[in-house]
Amino acid sequence: MPFIEINTSTTGAEDAKINTAIKIFYRTYGRGSTKVLLIIGLAGTHDSWNPQIKGLTGTDVPNDHGNRNTVGNQIAADDGEEASFEDGGGIEVCAFDNRGMGRSSAPTKKSEYTTKIMAQDAIALLDHLGWEKVHVFGHSMGGMIACKLAAIAPERVKSLAMLNVTGGGFQCCPKLDRQTFDIAVRFLKAKTPEQRASVDLDTHYSKEYLEEFVGFETRRAVLYREYVKGISATGMQTDYGFAGQVNACWTHKVTNKEIECLQSAGFLVSVIHGRQDVIAQIYYARKLAEKLYPVARMVDLHGGHLVSRERTEEVNQALLDLIRASETKMSPQDWTNLPKKSSWWMEERMSLITLKTEGGGSNVSTKPFLLERLHLFFLYLFESFQRLNFYQVCSSLLSDRQ
């Protein structure tokens, strides 16, 4: 099995010296000069990217499989001619398990999990593969890691895609409603693959998608079996792996200096999000995209947190569009679909203006504006608790309910 060993002799987020060797499990797929690094999110494994791996390379058979001669709609390695970029070939992809999940090592200290440390894991993997410059795509926490990687080593990045991502910290708080609280409680109580699979479906997908019929069964029933099988194969995430990855999300921050770095680094950015995501709110994804104007494009789709699976074709097309635009050196002005940025005080002033009719009356309700500001106020209150362990807080809520 392909592993790399990382000697993390560095200083962690809490100034704790880390000297343990970390093993990172990875796999590569496809062949070609275009290289893509896929970084998965919290509690996910590398094979969560399978729909994108297949869409980008034309195969889901890993390069370490031994015999790569494949049939059907998969690409044969020895067909005498490499497939062109346009028909899905010419791309080599690497996907891996982050520390704390899957077959990779799971350090026990929270200080060994930050998006910066995990970005350094990814850079070490690129060094191991000999990949100098790559397209970096990340989902959720993986999007935070990808963002940090691009800020740390912009010279290694050809393009950056962040799926269902936020800016970290209090922005990780899901929508404040009964549904998401119920999901959080079920997630923390899940002790078996069956329990975990059930809650993962409600976390990852929109209700409409799960209720669709595939043949004589609902998609929920089909996916449930698939999830149970996958979780059983990789094993349940350890408590310290989960707490550590939550810590990485909770302590993540994109500084103004990093935003300026990403804007001036010379690569294009795509922010892709599901409108029905109950975990990462699209409001913050859009704000992040707007901060990155003019190099960023916003792609919002009908779907939940795992929009990469719910809307596979649209997501794959968005990723291929980003690769193609980067390879052809499209200008940021031609790439972006975002409005030109104005100063923050002008945005606030304009948001307070109520359209008036000629007769002096108002034809625009202020209710949505007030509700949005109230929601943001409550989220702001969470910022003072940013250093608290989310896992411990939710565990306390559970004990109170029992």
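Just a few scattered comments:
- Matching residues, the range 205-247, being basic (Lys, Arg) and touching a Cys at 6+ places or on another chain (Cβ under 9 Å): none
- Here Val199 meets the list (1) in contact with a Lys or Arg (Cβ under 7 Å, 6 or more places away or on another chain); (2) closer than 20 Å to Val307 by Cβ; (3) at pLDDT 95 or above almost entirely, failing just condition (3).
- Any hit, the range 249-267, residues being within 19 Å of Lys148 (Cβ to Cβ), in contact with a Lys or Arg (Cβ under 7 Å, 6 or more places away or on another chain), modelled with pLDDT of 95 or more and not in a loop (DSSP other than H, G, I, E, B): yes
- Helices (runs of 4 or more DSSP H) (entirely within the range 283-343) containing at least 3 residues that are crowded, with 18+ Cβ neighbours inside 10 Å and small (Gly, Ala, Ser): 312-327
Yes or no, residue by residue, for (1) basic (Lys, Arg); (2) assigned to a loop (DSSP other than H, G, I, E, B); (3) modelled with pLDDT under 95; (4) surrounded by fewer than 21 Cβ atoms within 10 Å (Cβ to Cβ):
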| site | (1), (2), (3), (4) |
| --- | --- |
| Val71 | no, yes, yes, yes |
| Asp78 | no, yes, yes, yes |
| Asn98 | no, yes, no, no |
| Leu149 | no, no, no, no |
| Met162 | no, no, no, no |
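- For the range 193-233, the tally of residues that are of a type outside the set (A, V, I, L, M, F, W, C) and either free of Cβ contacts under 8 Å to residues at least 12 places away in the same chain or open to solvent by 50 Å² or more (accessible area, probe 1.4 Å) (or both) stands at 16.
- From the list Leu176, Leu188, the lone residue that is assigned to a loop (DSSP other than H, G, I, E, B) and modelled with pLDDT under 85 is Leu176.
The values are calculated or read from the model by the stated rules, or taken from the named source; none is laboratory data. The shown structure was predicted, so the numbers you read here are calculated from the model rather than taken from an experiment. Every residue, glycine among them, receives a Cβ derived from its backbone with ideal geometry; neighbour counts consider all protein chains shown. With ligands, DNA and RNA removed, areas are computed over all heavy atoms of the protein, side chains included. Shrake-Rupley method; radii C 1.70, N 1.55, O 1.52, S 1.80 Å.
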